[in-house]
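The values are calculated or read from the model by the stated rules, or taken from the named source; none is laboratory data. What you see is a predicted model, and the numbers here were worked out from it, not measured in a lab. All Cβ positions, glycine included, derive from the backbone under ideal geometry; neighbour counts span all protein chains shown. Heads up: the accessible areas ignore ligands, DNA and RNA and are worked out on the full protein's heavy atoms, side chains in. Shrake-Rupley method; radii C 1.70, N 1.55, O 1.52, S 1.80 Å.
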Amino acid sequence: MAFTTFIFYVLAVVLVFSALRVVTARNPVHAVLFLVLAFFNAGGIWLLLSAEFLAVTLVMVYVGAVMVLFLFVVMMLDIDFARLREGFWKYLPVGAFVGLLLAVEMGLVLGGKYFGLAAMPAPAPTAADFSNTREIGRVLYTEYAWPFELASLVLLVAMIAAVSLTLRKRRTDKWVRPETQVAVRHEARIELVKMAAEKEVEPEPEAAADDAAKA
Amino acid sequence: MNFVVPDFYPATAEIFLAAMTLVVMLITAFARRVARNLSYALAQTTLLVAAFITLFTLDIGVDHTFGGMFVRDLLGGVMKLVVYVAVMVALVYGRGYLAARKLDRPEFFLLTLLATLGMMVMITANHLLVLYIGLEMMSLSLYALVAFNRDDARSTEAGMKYFVLGALASGLLLYGMSMVYGATGSLELPAVANAVFQHSANRAVLLFGLVFLVGGISFKLGVVPFHMWVPDVYQGAPTAVTLIVASAPKLAGLALALRLLVGGMYGLAFHWQTMLMLVAAASIVLGNLAALVQHDIRRMLAYSGISHMGFMLLGLLSGVAGGNADLAAGAYSSALFYGIAYALMTLAAFGMVTLLSGAGFDAGNIEDFKGLNRRSPWFALMMLFVMFSMAGIPFFVGFFAKLVVLQSAIAAGHLWIAILAVVMSVIGAYYYLRVVKLMYFDEPENTAPIVAGGELRVLLSVNALAIAALGLMPGALLDLCLQALRTSALAG
């Protein structure tokens, strides 16, 4: 067994274990940390496939940015996780049975024979100065320009959807628009109203008629 | 490495729509007071101009651009035109409904434009990756639109259900695509088709992937057994959104099926036809039977939509039989004709629901149509047209749609499924005719006159009259569908 194969199995075992812990951990913070571990190991496997750029990006973007944000969200939000995972153990046997059945069936159909080294020979090793960052950049902005631009619009959809579904104006906020404050004119600040100093109150005719009827 | 800048001309409509979406977003961000009306007007103008661009770039030839990822053919042009019209009509119908509920925020129109762009991308895709991105763009926009009335528990619940199930279906589709890529070594549909045809790809892996592809497509079309979301989404979403979800995306789903199954997996036609046959038969049976017992007209139309999609698939699965290319084009064009007819009918039906809905009141119950003839004889007649057409009563467009689909099914030798479809649509006629009976023979409970904008009244009348007119003269549209498929990139 070559050394790289050994590393692959170590990474794969840790990856599968931590992925399972993500859904079974009782403490949500632990679940997030296991997810970080899973991403890290996946990055390692990609590194073995000599996809260095993608591996580094995975660790930087997902572990560095996305998961840290996730951790903050989990810590800040007051979610009743006990209620969320209510029924988890009740449904686990059925879910695990169905999942296992699917996995076994899919394994039986595909097995290892179609994707083994015999069916898909390993690519020739690349030269030492081969840069896959450069290669990705080259196809991403030329051949794949159309899907690349479209993917950016999908992100725009996510942005608009998130803002329109969650942003709400609070009635109680005391925020003042600076431009309306600056643009105010003195007539609007104070209004002088002229009115008589005294005002005579006339007796209501109906009330007078009522009194007359009673009398 | 020589890189040639791709020809942007075939994709002018897509690029215009994408650019205009960004422009509309910027303009409405700064236009405070008029943002609602302005974004509506700009969205409609954008769609109209895109329609003209598509119309002017329409011709019989086939162009590829962006390194073969984009294909422009007559089929794509026709489908895109129907999508523009469907979205524009849906926006007109939904406007009053949205305004009464203060939902006509600029984001609504932006998401609608982006969903339209996603459909256009799917229609013109020639590459698995582009197809998937277009699908996601459409689906993500639609999830957000369904949950748009976020203060209404049913709307958010429907959005959540749609999102979770839709994400699962997208995952299935993507998994199937990865298997196809693994087996053929290419993401480009013509290359995939070639590898399938020459048996150079691994059969077992391809079939394994194909199952997932059919599953994903079935979900997006909302057919049995992937139909669970349809009634809840149609009922829970604001009716203005249901108008959009129920019409144009079905055509985009048909485009997905045509590009993926016919364009990419033609060599495995026998297998996917068998799968689709089961799906179509189950949809026609379940859709018609479940619609019988519905009290909510939106749920009834949802189940009727499931059975209509089953009919559309019936056209799609009758394509390859005995290697007759003419037969295949006829069958696929019958599916396209069915899709267009269904979009017209479903728009008119949900348009009627928005017509009867007032501020804070959804005319969801079928009882709300009671005695419509007394309240407005004209719109009762229009609804009669729509219901008769959906039931497949001659001579409305729905009748011809069913006729051509059944013709191609029988020509392909699927006699039993054609008989089953006819029997089920006779049973299904009951629930359409029940609406007509309520309108004409029952006393109205609500005698308030109908309040609706002039544009809604005019366009709804035009829509219903078009259903009747196309039923009398279906020839031109049928020829166009046939021509579109004969000259399409799929024909090669």
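For labels at B:MET160 and B:LYS102 in the simple 7 Å Cα→Cβ model, what's the distance in nm?
2.4
For the range A:118-138, state which residues have at least 10 Å² less accessible area in the presence of all protein chains than in their chain by itself, taking the probe as 1.4 Å and leaving out ligands, DNA and RNA.
Relative to the lone chain, where solvent access is computed with a 1.4 Å probe, the range A:118-138 loses at least 10 Å² at A:MET120, A:ARG138.
Considering protein heavy atoms only and a 1.4 Å probe radius, which residues within the range B:121-159 exhibit an accessible-area decrease of no less than 50 Å² in the full assembly relative to the chain by itself?
Residues meeting the cut-off: B:ILE133, B:MET137, B:ARG150.
Ignoring ligands, DNA and RNA, what accessible area per residue does the range B:148-193 give at 1.4 Å, in Å²? Write out the running numbers ahead of the final one.
On the way: 2060 Å² over 46 residues.
Accessible area per residue: 45 Å².
Report, in deg cm²/dmol and to the nearest 500, the calculated mean residue ellipticity at 222 nm for chain A, where each DSSP H run with n ≥ 4 adds -39500 (n - 2.57) and the sum is divided by the residue count.
Numbers: 11 runs with 136 residues, N = 215.
The helix contribution divided over chain A gives -20000 deg cm²/dmol.
Mind jotting down the three principal axis lengths of the range B:2-155 based on Cα atoms? Whole angstrom, largest first.
Principal-axis extents of the range B:2-155 (Cα, largest first): 52, 30, 28 Å.
Would you tell me the mean number of C-beta atoms belonging to other protein chains that fall within 10 Å of each C-beta in A:139-149, as a whole number? Display every interim value, and only then the final one.
Values: counts 3, 0, 1, 7, 7, 6, 6, 15, 13, 2, 5.
Mean shielding count: 6.
When only alpha-carbon atoms count, how far does chain B stretch along each of its three principal axes, as whole angstroms with the largest first?
69, 58, 40
Ordered by packing density, taken as the mean number of other Cβ atoms within 10 Å over each peptide's residues, highest first, how do A:131-137, A:179-185, B:306-312, B:279-285 rank?
Details: A:131-137: 12.4, A:179-185: 8.0, B:306-312: 27.9, B:279-285: 24.1.
Result, highest mean Cβ count within 10 Å first: B:306-312, B:279-285, A:131-137, A:179-185.
Taking every pair of distinct Cα atoms and averaging 1/r, then inverting, what Kirkwood hydrodynamic radius in Å comes out for the range B:363-460?
Values: mean 1/r = 0.0660 Å⁻¹.
The Cα-based Kirkwood calculation yields 15.1 Å.
Mean residue ellipticity at 222 nm from the helices of chain B, using -39,500 (n - 2.57) per DSSP H segment of n ≥ 4 over the full residue count, to the nearest 500 deg cm²/dmol? All intermediate terms of the calculation are to be shown ahead of the outcome.
Working: 20 runs with 358 residues, N = 492.
Computed mean residue ellipticity for chain B: -24500 deg cm²/dmol.
Applying a 10 Å radius around every beta-carbon, put B:251-262, B:152-163 in order of their mean neighbour count, most first. Present the calculation step by step, with values, prior to reporting the outcome.
Numbers: B:251-262: 25.8, B:152-163: 18.2.
My ranking of the peptides, most packed first, is B:251-262, B:152-163.
Choose one of B:THR116, B:THR156, B:LEU456: the residue whose Cα lies farthest towards the positive end of the charge dipole of the protein assembly as shown (beta-carbon charges +1 Lys, Arg; -1 Asp, Glu; about the Cα centre).
B:THR156
Evaluated at 25 °C with a viscosity of 0.890 mPa s, what Stokes-Einstein diffusion coefficient in µm²/s does chain A have when Rh comes from the Kirkwood expression over alpha-carbon pairs? Before the final figure, lay out the partial values.
Details: Rh = 25.6 Å.
Roughly 96 µm²/s, to the nearest whole number.
Would you please calculate the Kirkwood hydrodynamic radius of the range B:94-244 over all C-alpha pairs and express it in Å, rounded to one decimal?
Roughly 16.6 Å, rounded to one decimal.
With a 1.4 Å probe, what is the total accessible area buried between chains B and A, in Å² rounded to the nearest 100? Don't skip to the answer; put the middle values down first.
Details: alone 18510 and 19080 Å², together 34620 Å².
What B and A bury together is about 3000 Å².
Might you tell me the accessible area per residue for the range A:1-85, computed with a 1.4 Å probe and given in Å²?
Accessible surface, normalised per residue, equals 69 Å².
List, by residue number, every residue in the range A:101-116 with a reduction of 20 Å² or greater in accessible area between the chain on its own and the complete protein assembly, 1.4 Å probe.
Buried by the other chains: A:MET106, A:VAL109, A:LEU110, A:TYR114, A:PHE115.
At 1.4 Å probe size, with the rest of the protein present, what percent of the exposed accessible area of the range B:27-95 is carbon and sulfur atoms? Don't skip to the end; give the middle numbers.
On the way: 1930 of 2770 Å².
In the range B:27-95, the share of accessible area belonging to carbon and sulfur is 70 percent.
Report the full-extension gain for the segment A:ILE190 to A:VAL94: residue separation times 0.36 nm, less the Cα-Cα distance, to one decimal in nm.
Working: separation 96, 0.36 × 96 = 34.56 nm, distance 7.25 nm.
Extending this stretch completely gives an extra 27.3 nm.
Per the 1.4 Å probe, what fraction of the accessible area of chain A, in percent, lies on carbon and sulfur atoms? Mind showing how you got there, number by number?
Details: 12050 of 17550 Å².
Carbon and sulfur atoms account for 69 percent of the accessible area of chain A.
Which length gain, in nm to one decimal place, applies between B:LEU207 and B:ARG32 when the Cα-Cα distance is subtracted from 0.36 nm times their residue separation?
Numbers: separation 175, 0.36 × 175 = 63.00 nm, distance 5.44 nm.
Difference between extended and current length: 57.6 nm.
At a 1.4 Å probe, what is the % contribution of carbon and sulfur to the accessible area of the range B:415-492? Don't skip to the answer; put the middle values down first.
Values: 2980 of 4110 Å².
Carbon with sulfur: 72 percent of the solvent-accessible area.
Positive end of the dipole of the protein assembly as shown, charges at C-beta (+1 Lys, Arg; -1 Asp, Glu), about the Cα centre: which of B:ILE366, B:PRO231, B:SER39 has its Cα farthest in that direction?
Farthest towards the positive end: B:PRO231.
Can you give the Rg to Rh ratio for the protein assembly as shown, taking only C-alpha atoms and Rh from Kirkwood? Mind showing how you got there, number by number?
Working: Rg = 29.3 Å, Rh = 28.2 Å.
Taking Rh as the inverse mean 1/r over Cα pairs, Rg/Rh reads 1.04.
Quick check: convex hull over the Cα atoms of the range A:1-85, volume per residue in Å³, rounded to an integer?
Details: hull volume 6.2 nm³, N = 85.
It comes to 73 Å³ per residue, whole-number rounded.
Under a point-charge model restricted to the Cβ atoms of Lys and Arg (+1) and Asp and Glu (-1), what is the dipole moment magnitude of chain A relative to its Cα centre, in debye to the nearest 20? Show your work: numbers first, answer last.
On the way: 19 positive and 20 negative charges, 211 e Å.
Dipole size: approximately 1020 debye.
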